[in-house]
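These notes are about the structure you will find just below.
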Amino acid sequence: MPPHPRHEGARVRAADELALVAPLVGRWIERLLGAHEPPLTVAQFLALQAAVSGETAGADMARRAAVSPAAVSQLLSGLEDDGLLRRVRSEDDRRRQSLELTPLGVETLRSAQLEVRLGLGAFLADLPPHEAAALADALEHVAAILGGVTPPRRPPRPKPPGPMHRRPPRD
(Lines give C-alpha, C1' and ligand atoms only; values in the text may rest on other atoms or scores of the structure.)
Protein backbone atom coordinates (compact mmCIF):
# COMPACT_ATOMS: atom_id res chain seq x y z
CA MET A 1 0.00 0.00 0.00
CA PRO A 2 1.49 3.41 -0.95
CA PRO A 3 2.26 5.83 1.88
CA HIS A 4 -0.43 8.30 2.83
CA PRO A 5 0.20 11.64 1.04
CA ARG A 6 0.22 13.50 4.36
CA HIS A 7 2.90 11.18 5.74
CA GLU A 8 4.97 11.45 2.58
CA GLY A 9 4.76 15.27 2.77
CA ALA A 10 5.99 15.15 6.37
CA ARG A 11 8.96 13.00 5.34
CA VAL A 12 9.83 15.37 2.50
CA ARG A 13 9.63 18.35 4.86
CA ALA A 14 11.75 16.54 7.46
CA ALA A 15 14.35 15.65 4.80
CA ASP A 16 14.44 19.27 3.60
CA GLU A 17 14.87 20.58 7.15
CA LEU A 18 17.54 18.00 7.93
CA ALA A 19 19.42 18.95 4.76
CA LEU A 20 19.38 22.58 5.89
CA VAL A 21 20.29 22.10 9.53
CA ALA A 22 22.80 19.21 9.38
CA PRO A 23 25.58 21.18 7.63
CA LEU A 24 25.08 24.10 10.03
CA VAL A 25 25.26 21.82 13.07
CA GLY A 26 28.30 20.13 11.54
CA ARG A 27 30.06 23.48 11.21
CA TRP A 28 29.28 24.36 14.85
CA ILE A 29 30.61 20.99 16.01
CA GLU A 30 33.79 21.44 13.92
CA ARG A 31 34.37 24.84 15.53
CA LEU A 32 33.61 23.63 19.06
CA LEU A 33 35.98 20.67 18.69
CA GLY A 34 38.64 22.82 17.05
CA ALA A 35 38.59 25.17 20.06
CA HIS A 36 38.71 22.24 22.50
CA GLU A 37 41.98 21.43 24.27
CA PRO A 38 43.37 19.32 22.74
CA PRO A 39 41.75 20.24 19.43
CA LEU A 40 39.92 17.38 17.72
CA THR A 41 38.54 16.84 14.27
CA VAL A 42 35.02 15.50 13.91
CA ALA A 43 36.46 12.19 12.66
CA GLN A 44 38.70 11.91 15.75
CA PHE A 45 35.77 12.71 18.04
CA LEU A 46 33.57 10.10 16.34
CA ALA A 47 36.37 7.51 16.39
CA LEU A 48 36.88 7.98 20.14
CA GLN A 49 33.14 7.55 20.69
CA ALA A 50 33.11 4.44 18.49
CA ALA A 51 36.07 2.95 20.38
CA VAL A 52 34.26 3.43 23.70
CA SER A 53 31.16 1.69 22.31
CA GLY A 54 33.26 -1.28 21.20
CA GLU A 55 33.32 -0.62 17.45
CA THR A 56 36.66 -2.02 16.37
CA ALA A 57 36.11 -3.58 12.96
CA GLY A 58 37.55 -1.43 10.18
CA ALA A 59 34.34 -1.01 8.17
CA ASP A 60 32.26 -0.28 11.29
CA MET A 61 34.81 2.22 12.54
CA ALA A 62 34.89 3.92 9.13
CA ARG A 63 31.10 4.29 9.14
CA ARG A 64 30.99 5.57 12.70
CA ALA A 65 33.88 8.01 12.18
CA ALA A 66 32.58 9.16 8.76
CA VAL A 67 35.83 8.34 6.96
CA SER A 68 36.70 5.92 4.19
CA PRO A 69 37.81 2.41 5.17
CA ALA A 70 41.27 3.26 3.80
CA ALA A 71 41.55 6.25 6.17
CA VAL A 72 40.72 4.33 9.37
CA SER A 73 44.27 3.10 9.98
CA GLN A 74 45.72 6.59 9.61
CA LEU A 75 43.01 8.05 11.87
CA LEU A 76 43.69 5.45 14.58
CA SER A 77 47.46 5.90 14.26
CA GLY A 78 47.07 9.63 14.84
CA LEU A 79 44.94 9.05 17.94
CA GLU A 80 47.48 6.52 19.17
CA ASP A 81 50.39 8.93 18.53
CA ASP A 82 48.53 11.61 20.50
CA GLY A 83 48.22 9.23 23.45
CA LEU A 84 44.41 9.05 23.29
CA LEU A 85 44.01 5.47 22.12
CA ARG A 86 45.78 2.16 22.47
CA ARG A 87 45.48 -0.84 20.13
CA VAL A 88 45.63 -4.20 21.85
CA ARG A 89 46.24 -7.36 19.82
CA SER A 90 43.95 -10.28 20.55
CA GLU A 91 45.75 -13.29 21.95
CA ASP A 92 43.31 -15.62 20.16
CA ASP A 93 43.64 -14.03 16.72
CA ARG A 94 46.72 -11.93 16.06
CA ARG A 95 45.00 -10.23 13.11
CA ARG A 96 42.34 -8.74 15.39
CA GLN A 97 42.93 -5.88 17.74
CA SER A 98 40.73 -4.12 20.21
CA LEU A 99 40.81 -0.43 20.90
CA GLU A 100 41.05 1.12 24.35
CA LEU A 101 41.01 4.75 25.29
CA THR A 102 43.91 5.78 27.47
CA PRO A 103 43.13 7.80 30.62
CA LEU A 104 43.96 10.92 28.57
CA GLY A 105 41.62 9.68 25.82
CA VAL A 106 38.78 9.13 28.30
CA GLU A 107 39.22 12.62 29.74
CA THR A 108 39.54 14.19 26.28
CA LEU A 109 36.37 12.50 25.03
CA ARG A 110 34.40 13.45 28.16
CA SER A 111 35.45 17.09 27.98
CA ALA A 112 34.81 17.26 24.21
CA GLN A 113 31.34 15.72 24.66
CA LEU A 114 30.57 18.29 27.35
CA GLU A 115 31.83 21.14 25.17
CA VAL A 116 29.63 20.01 22.26
CA ARG A 117 26.63 19.41 24.55
CA LEU A 118 26.90 22.88 26.09
CA GLY A 119 27.57 24.57 22.75
CA LEU A 120 24.61 22.97 20.99
CA GLY A 121 22.41 22.95 24.09
CA ALA A 122 22.33 26.75 24.05
CA PHE A 123 20.34 26.57 20.80
CA LEU A 124 17.80 24.23 22.33
CA ALA A 125 17.22 26.21 25.53
CA ASP A 126 13.96 27.72 24.24
CA LEU A 127 12.46 24.39 23.13
CA PRO A 128 9.71 23.08 25.39
CA PRO A 129 10.83 19.82 27.07
CA HIS A 130 8.40 17.65 25.07
CA GLU A 131 9.73 19.07 21.78
CA ALA A 132 13.34 18.56 22.89
CA ALA A 133 12.50 14.94 23.81
CA ALA A 134 10.78 14.39 20.44
CA LEU A 135 13.80 15.84 18.62
CA ALA A 136 16.18 13.63 20.62
CA ASP A 137 14.08 10.53 19.82
CA ALA A 138 13.94 11.38 16.11
CA LEU A 139 17.67 12.09 15.90
CA GLU A 140 18.48 8.88 17.77
CA HIS A 141 16.50 6.99 15.14
CA VAL A 142 18.22 8.84 12.28
CA ALA A 143 21.65 8.19 13.84
CA ALA A 144 20.89 4.46 14.14
CA ILE A 145 19.91 4.32 10.47
CA LEU A 146 22.91 6.33 9.28
CA GLY A 147 25.32 4.40 11.50
CA GLY A 148 24.46 1.15 9.76
CA VAL A 149 24.51 2.39 6.18
CA THR A 150 27.52 3.14 4.05
CA PRO A 151 27.17 6.66 2.64
CA PRO A 152 27.00 7.08 -1.12
CA ARG A 153 30.35 7.20 -2.88
CA ARG A 154 31.82 10.55 -3.63
CA PRO A 155 31.65 11.44 -7.29
CA PRO A 156 34.98 11.30 -9.10
CA ARG A 157 36.99 14.49 -9.07
CA PRO A 158 36.70 16.50 -12.24
CA LYS A 159 39.55 16.02 -14.63
CA PRO A 160 41.89 18.97 -14.93
CA PRO A 161 41.47 20.97 -18.09
CA GLY A 162 43.56 19.91 -21.05
CA PRO A 163 46.57 21.85 -22.24
CA MET A 164 45.81 25.50 -22.68
CA HIS A 165 45.78 26.62 -26.27
CA ARG A 166 47.84 29.68 -26.86
CA ARG A 167 46.18 32.52 -28.57
CA PRO A 168 48.16 34.17 -31.31
CA PRO A 169 49.75 37.44 -30.21
CA ARG A 170 47.79 40.56 -31.03
CA ASP A 171 49.35 43.04 -33.38
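Remarks
- Residues satisfying the stated conditions in the range 85-103, i.e. surrounded by 11 or more Cβ atoms within 10 Å (Cβ to Cβ) and either under 17 Å from Q44 (Cβ atoms) or at pLDDT 85 or above (or both): L85, R86, R87, L99, E100, L101, T102
- Filter result for R110 (open to solvent by less than 80 Å² (accessible area, probe 1.4 Å), of a type outside the set (D, E) and part of a helix (DSSP H, G or I)): no
- Leading residue by the ranking (nearest to E115 (Cα to Cα)) among those in the range 73-84 that are touching a residue at least 24 places away in the same chain (Cβ under 8 Å) and open to solvent by less than 40 Å² (accessible area, probe 1.4 Å): L84
- Qualifying residue in the range 141-153 (condition: over 20 Å from G58 (Cα atoms), assigned to a loop (DSSP other than H, G, I, E, B) and modelled with pLDDT under 95): no
- Taken as a whole, the structure places Q44 among residues that are open to solvent by less than 50 Å² (accessible area, probe 1.4 Å) and among the polar types (S, T, N, Q).
- From A122, A70, A62, residue being free of Cβ contacts under 8 Å to residues at least 12 places away in the same chain, at negative phi and either open to solvent by less than 50 Å² (accessible area, probe 1.4 Å) or of a type in the set (D, E, K, R) (or both): A62
- The sole residue among A22, A57, A35 that is of a type in the set (G, A, S) and closer than 18 Å to E80 by Cβ is A57.
- A search for C-beta distances below 7 Å between a residue of the range 15-30 that is open to solvent by 90 Å² or more (accessible area, probe 1.4 Å) and any residue that is in a helix (DSSP H, G or I), counting only pairs 6+ apart in sequence or on different chains, returns W28/G119; W28/L120; E30/V42.
The values are calculated or read from the model by the stated rules, or taken from the named source; none is laboratory data. Not measured: the values here are computed from a predicted model. No Cβ is skipped: glycine too gets one built from the backbone with ideal geometry, and neighbour counts run over all protein chains shown. Ligands, DNA and RNA are stripped out before the accessible areas are found, and what is left, the full protein with its side chains, is counted by its heavy atoms. Shrake-Rupley method; radii C 1.70, N 1.55, O 1.52, S 1.80 Å.
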